[in-house]
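Below is one structure, written out as structure tokens, with a few remarks after it.
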Amino acid sequence: MTYNEKHNEANGEANHDGTSNNRSWNSGVEGPSDDPEITTLRQRQMRNMLATLLLSQGTPMLTAGD
């Protein structure tokens, strides 16, 4: 919800690990934002994704399966 690009600099691999094929959208601002419209949009997107998970077939996995 907050990043379009990966940010794995802290793991010591110079951000080369993992794929760069992300299916994410940051609502127009990379990282945390103080803009109330962006914060509201991101919170709504998170609620929508949680609702999709809870209403999908099978057992919802919130911890080990995320």
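Each reported figure results from applying straightforward, stated rules to the coordinates on display, with no laboratory input. On a predicted model such as this, the values are computed, not experimentally measured, just so you know. In this analysis, Cβ positions are derived from the backbone assuming ideal geometry, glycine residues included, and neighbour counts consider all displayed protein chains.
Full extension from N11 to L55: what is 0.36 nm times the residue separation minus their Cα-Cα distance, to one decimal in nm?
Net length gain for the segment: 12.3 nm.
So how much slack lies between N26 and R44, counting 0.36 nm per residue of separation and subtracting their Cα-Cα distance, in nm?
Full extension from N26 to R44 adds 5.2 nm.
For the chain, what does the alpha-carbon gyration tensor say about shape, rounded, prolate or oblate, given a ≥ b ≥ c as the root eigenvalues, a/c under 1.5 as rounded, and a/b over b/c as prolate?
Numbers: a/c = 2.54, a/b = 1.19, b/c = 2.14.
Oblate, since a/c reaches 1.5 and b/c is not below a/b.
Could you list the GluC sites (Glu not before Pro) in the chain that lie in coil according to DSSP, counting only those with at most 11 other Cβ atoms within 10 Å of their Cβ?
Details: sites: E5, E9, E13, E30, E37; in loops: E5, E13, E30.
Qualifying residues, ordered by number: E5, E13.
Per the helix-only calculation at 222 nm, which mean residue ellipticity applies to the chain, given -39500 (n - 2.57) for every DSSP H run of n ≥ 4 and division by its residues, nearest 500 deg cm²/dmol?
-10500 deg cm²/dmol
To the nearest 0.05, how large is the calculated FRET efficiency for L62 and N4 if R₀ is 25 Å and r is the Cβ-Cβ distance? All intermediate terms of the calculation are to be shown ahead of the outcome.
Details: r = 24 Å, r/R0 = 0.98.
In this case the efficiency is close to 0.55.
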